Amino acid sequence: MVSTVSVRAAAKINLHLGVGAVRDDGFHPLDTVYQAISLYDDVTLTGAVVPSLELECADYIDAGDVPIGGGNIAFRALEVIRARTGRHGHEAVEILKSIPVAGGMAGGSADAAATLLACDHLWGTGLGREELHSLAAELGADVPFALMGGTAVGTGRGDALSPALAQGTFHWVLALSEAGLSTPEVYAELDRHRERHVNDIAPAPEQPTVDIEVLQALRAGDPHQLAEYLHNDLQAPALHLEPGLARTLEAGEKAGALAGIVSGSGPTVAFLVADADAALELQVELSAGRHTVIRATGPVHGARVVAG
Ligand code: ATP
């Protein structure tokens, strides 16, 4: 039996994010295309006498933004998997964080997925993929994708997943923001925007659908084609809440990106470029303009055990 397990889980971006009309219960039906990219959090669990959490963050992350008590989603993941397995005891949790916090890249979800997988391995409970998926869905809409990785279409709350065929590697340049955006606030702003413009925009669909062109571009492995069809319904409300993001988008596109898109609920902006050289050039250019910039590629694997 192992006593320590480390799991690595990736950030995501949404290549397409269609948000349907809000229902009476506040639920927004989604149709989205996720891609896991090479920016990771590592979660290490060790059996312990008392629970604890240690956090180590990349220099562009403010550790103060991450709850270290029961509010941390890693602890919620521990509770959920304990309830399912009937397992008692405590764990020491270490999180090595490189995914921006509240950046629209599902960093918390990655930590939750990593914690579930690490527990399963540490305790030898052998929960199958389906059981882990159902626990993940209890923790949040993006958590099942963090387990799965690759490129996938998500419907429902984003948690009903089917893998999408993608050829080759796509190159991304990420412009980070200092302050995060709250996902519920961005959805609320979208609802207000739709209400304000009820007479001049088409009504939001009850069930949104992914543009077929996105899936074709992924199958072809063609970044130029994909750039034409990146789409995010949350981009307009995110720009409304953070008007400075429009300048970031413009700066990246002027500097040679094929396209830029707000990642999920933002405020990270993801630029798609043609290849690794173009990514480096764009990184240099945006960094000179005082942006914090990271390069990443996708698709990459979902959560996996890296030690233990
Ligand atoms: P998504 O794209 O899934 O909407 P996000 O990437 O915008 O999420 P997260 O980084 O997941 O946002 O964080 C959202 C909030 O969750 C944070 O503001 C933070 O207070 C809280 N949180 C709880 N646990 C964690 C964790 N392990 N890592 C990051 N944030 C966490």
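Every number in this text was worked out from the coordinates using simple rules, so none of it is lab data. Small disclaimer: the values here were computed from a predicted structure and weren't measured. Cβ coordinates were reconstructed from backbone atoms using ideal geometry, including for glycine residues, and neighbour counts include every protein chain displayed.
General observations
- Crossing angle, helix 183-196 versus the chain [Cα axis fit, 0-90 degrees, rounded to tens]: 30
- Taking the fewest neighbouring Cβ atoms within 10 Å as the starting point, the ordered list for 12, 97, 254 is 254, 97, 12.
- The ranking of 248, 32 from fewest to most other beta carbons within 10 Å of each one's beta carbon is 248, 32.
- Nearest-ten-degree value, helix 244-254 long axis tilted from longest Cα axis of the chain: 70
- Cα-based equivalent ellipsoid, the stretch 4-164: semi-axes from gyration tensor eigenvalues, Å: 25, 18, 14
- In degrees, nearest ten, helix 276-288 long axis to first principal axis of the chain (Cα): 80
- A simple spin-label model places the labels of residue 4 and residue 284 4.0 nm from each other, with each point 7 Å out along Cα-to-Cβ.
- 222 nm mean residue ellipticity, helices alone, for the chain (DSSP H n ≥ 4; -39,500 (n - 2.57); rounded to 500): -10500 deg cm²/dmol
- Per-residue extension of 0.36 nm, minus the Cα-Cα distance of residue 206 and residue 307, leaves a gain of 31.9 nm for this segment.
- By average C-beta atoms within 10 angstrom, highest first, the peptides 271-284, 200-213, 111-124, 225-238: 111-124, 225-238, 271-284, 200-213
- Ranked by the mean number of other Cβ atoms within 10 Å per residue, highest first, peptides 255-262, 68-75, 131-138 order as 255-262, 131-138, 68-75.
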